[in-house]
Structure formats: structure tokens, C-alpha cells
1. Calculate the dipole size of the chain relative to its Cα centre from +1 charges on Lys and Arg beta carbons and -1 charges on Asp and Glu beta carbons; express the result in debye to the nearest 20.
2. Set the Förster distance to 41 Å, then compute FRET efficiency between residue 11 and residue 123 from the Cβ-Cβ distance, nearest 0.05.
3. How big is the dipole moment of region 1-61 about its Cα centre under a simple scheme where the beta carbon of each Lys and Arg is +1, that of each Asp and Glu is -1, and everything else is neutral? Debye, nearest 20, please.
4. By a straight-distance test (C-alpha under 16 Å), which aspartates and glutamates pair with residue 49 as possible cross-link partners, with residues fewer than eight away in the same chain excluded?
5. Can you tell me the relative contact order of the chain? Whole percent, Cα pairs under 8 Å, sequence separation 6 or more.
6. Add -39500 (n - 2.57) for each DSSP H run of 4 or more in the chain, then divide by its residues: what number comes out at 222 nm, to the nearest 500 deg cm²/dmol?
7. How many nm is it between the label spots at residue 114 and residue 53, if each spot is 7 Å from the Cα in line with the beta carbon?
8. Kindly list the residues of region 28-66 that lie in the label zone of residue 107, defined by a backbone N under 17 Å from the point 7 Å along the Cα-to-C-beta vector.
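The values are calculated or read from the model by the stated rules, or taken from the named source; none is laboratory data. Since the structure is predicted, the reported quantities are computational estimates derived from the model, not experimental observations. Cβ coordinates were reconstructed from backbone atoms using ideal geometry, including for glycine residues, and neighbour counts include every protein chain displayed. Each accessible area value is taken on the protein alone, full model and side chains, heavy atoms only, with ligands, DNA and RNA left out. Shrake-Rupley method; radii C 1.70, N 1.55, O 1.52, S 1.80 Å.
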Amino acid sequence: GRDLSHLPDKAYPRSRHVVTEIDRAKKGKERLVAGDVRLFGQLMNKSHKSLADDYQVTCKELDEVVQVAWETEGVVGSRMTGGGFGGCAITLVYRHAEQALLDRLRELCPYSSSFSTTAGRGAYSWDLPE
């Protein structure tokens, strides 16, 4: 590899996050297309760890919410989403474990609010009337 010692203290780990996140995004798409939610969840977890350790944009409370999710049976993966320095977590959980996760979050993270949703079609375009 190249000598990166000239980079400011935080630049190298933040750059590492960006490069590894691009790789995780590509692998994540492949895993979803293949129906491999287990590996997709592992990629979500790695993403959160990288956001916390390398990019340093999570906070104590958000890390606690994600940790509770990781420790809940039936959770596939969980990570920070949004702009950072607080914000939101997104968790992929099997339907049979959804209520247990919500109950644990209410009990162990009373400062947070949670809701459930399902995946939709995603982004698409259509013609609007003039």
C-alpha cells in the first residue's frame, strides 16, 4: 500500500470507511438479489461499526439502540442511518420477533421512539400531468 502517514489524524479511518462502505453497498445489493438476508444483515452490522469507529458519526444513545437490536433474537441486522451525530437506526427483523424488539427498545432505551414499517417498491419515476 501507499504511505498515508501524511494524512491528518482522522482522514485515514474516515477514508477507510468510505471505501469499505462502497464495497458493503455493492455486496449488500448482491445479497438482497440472491435472497441472502443473513449476510445482508452482517453487512448492516459492519456498516454501523465502521460508522462508529472509523467515521465517528454515531453517538452513545444510537449505539445503545443498535446494540439492543443486535442482542434481540430474530434481528438480522441493524445500523445507523441518516445524517449522523444522533439520528436514526434501521433494523431488519423477522416479523415474528418484531414485537419483542419494540418491547426491548421501549424498556432499555426509553429515550428513543420506534415504529415498524415494511419495505416498499423503492424509488421510481412517473409522468406528472401538466
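1. So the magnitude is around 360 debye.
2. So the FRET efficiency works out to roughly 0.80.
3. Computed about the Cα centre, the dipole is about 160 debye.
4. Qualifying aspartates and glutamates at Cα under 16 Å: 21, 23, 61, 63, 64, 71.
5. Normalised by residue count, the contact order of the chain is 17 percent.
6. Helix-only estimate at 222 nm: -15500 deg cm²/dmol.
7. Modelled inter-label distance: 2.5 nm.
8. 65-66
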